[in-house]
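Student: Following this message is one structure expressed as structure tokens.
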Amino acid sequence: MEVGTLSRYVHPLNFQGCRLTSHPSFIPLSVKASLNSQGDYRGPKPKKEWVADWVSKNDGVVRSLPVYVGGISLLAVLFNRTVSGIAPVADASSSQSRADLLTLGLAVTCILNGLVWLSIRPKSISVVRRLYPICVLIGFSPPFYPDVLVYVAETILFLPFKFQVNPEGVECQRIFSDFPDFVISELLWAWESLSYATCCRSLVVVYDGICILQIGFAAASSSDEGGAMVVDAHKLVLGSLYNGVIKSGSQSYLANLSLYPGKSELPFLPSNTQAVILQPLGDKGIAVVGGDTIRGFTTSDQAWITLIGEKLDATLAKVVDRIPLGVEERS
């Protein structure tokens, strides 16, 4: 079964005054990729990077290598100076002393560099590739040879892929008590719609200084074993993220949450939350939408979340002043 053929022709162009003509000769560039009935892939394959593969598989050894090299070099210099009969006191007029000092400096630099490498380690996240475009093109389900499909799409078809993570937290559903049924239904509708149609995995709604909804994945509580961390609405309202959104009156999209220092103001979200949308609800509240994919919310998602925020604001403004304080957890 033929997947497809991509052809590109390079035409050398000659400019003659205002007239544009093409040279009759051209260079055909084509790439073919196919899958037969047995599922064997025939086409361009990714190059093997042996050094990179070895480094990735032996990450701990590579990171500690400068420490060992620096330590051995340091001991070798000291041993050489001991057995060579040179005075232990460095003499500036001696070429051997100057060489030893330079070697000692390099050895200490290697040791410090190794310690830095050991102290900084990349995050290990559980990644799932979403094979949206390629599956539409060839009609296969995502589990069918994902690595081959990703390679073809990224290197030949230049199609974007999204990476999602599994949230590290616990699921919870806390809703403000004594709400009318239609308000609870609308809040649950907003959550179900966002979680089904977007990369949303956490939703927190704070209105009039009260957390009225916490649903989806949340960070685990340190005091309540197996429970979700309770949203501190008062602390959130005093934070710079909340005040910035309320002051601007417009949506704030943190496409890669790990790059923003304001992440510390959202401790109730799972620690590996990838993206966050802060949607103001009028001038009285905010909706915190956490996603599992970096840059996972599209412009259409953002516009839709803005409309949902306006709808929730109109609904909550009618009832929030007439109900007593209290939060309950619903399973």
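Just so it is clear, none of the values below were taken in a lab; they were calculated from the coordinates. Treat the numbers as computed from the prediction; the structure is a model and nothing was measured. Here the Cβ positions follow ideal geometry from the backbone for every residue, glycine too, while neighbour counts run over all protein chains shown.
Student: Subtracting the Cα-Cα distance from 0.36 nm times the residue separation, let me have the gained length for residue 243 to residue 319 in nm, one decimal.
Tutor: Values: separation 76, 0.36 × 76 = 27.36 nm, distance 2.35 nm.
Length gained, residue 243 through residue 319: 25.0 nm.
Student: Quick one: net charge around residue 238, please, counting Lys, Arg +1 and Asp, Glu -1 for every other residue with C-beta under 12 Å from its C-beta. Walk me through the intermediate numbers first.
Tutor: Values: positive: 235; negative: 232, 265.
Here the charged neighbours net out to -1.
Student: For residue 86 and residue 189 in one chain, what is 0.36 nm times their gap in residues minus the Cα-Cα distance, to one decimal in nm?
Tutor: So the chain would gain 28.8 nm between residue 86 and residue 189.
Student: Which shape class, rounded, prolate or oblate, goes with the stretch 173-229 when its Cα gyration tensor gives a ≥ b ≥ c as root eigenvalues, a/c under 1.5 marks rounded, and past that a/b bigger than b/c marks prolate?
Tutor: Judged from the Cα gyration tensor, the stretch 173-229 comes out oblate (a/c at least 1.5, b/c at or above a/b).
Student: Can you list the residues, at least 5 places off or on another chain, whose amide H is less than 5 Å from the amide H of residue 269, using H built in the peptide plane?
Tutor: The answer is 219.
Student: 7 Å from Cα along Cα→Cβ at both residue 221 and residue 208: what's the point-to-point distance in nm?
Tutor: Modelled inter-label distance: 2.5 nm.
Student: Classify the stretch 219-331 as rounded, prolate or oblate from the Cα gyration tensor: take a ≥ b ≥ c as the square roots of its eigenvalues, call it rounded if a/c is under 1.5, otherwise prolate when a/b beats b/c and oblate if not.
Tutor: oblate
Student: Turning to a different aspect of this structure: Which pairs, out of 263/318; 235/263; 235/284; 235/318, put more than 23 Å between their alpha-carbon atoms?
Tutor: In this structure, 263/318; 235/318 lie more than 23 Å apart at Cα.
Student: Distance in nm between label sites at residue 271 and residue 307, each 7 Å beyond Cα in the beta-carbon direction?
Tutor: The answer from the label model is 3.9 nm.
Student: Assuming 0.36 nm per residue, please report the length gained on full extension of the stretch residue 95 to residue 258 beyond their Cα-Cα distance. Don't skip to the end; give the middle numbers.
Tutor: Values: separation 163, 0.36 × 163 = 58.68 nm, distance 5.12 nm.
Roughly 53.6 nm would be gained on extension.
Student: For residue 79 and residue 117, what does the FRET efficiency come to when R0 = 41 Å and r is the distance between their Cβ atoms, rounded to the nearest 0.05?
Tutor: Efficiency at R0 = 41 Å is approximately 0.95.
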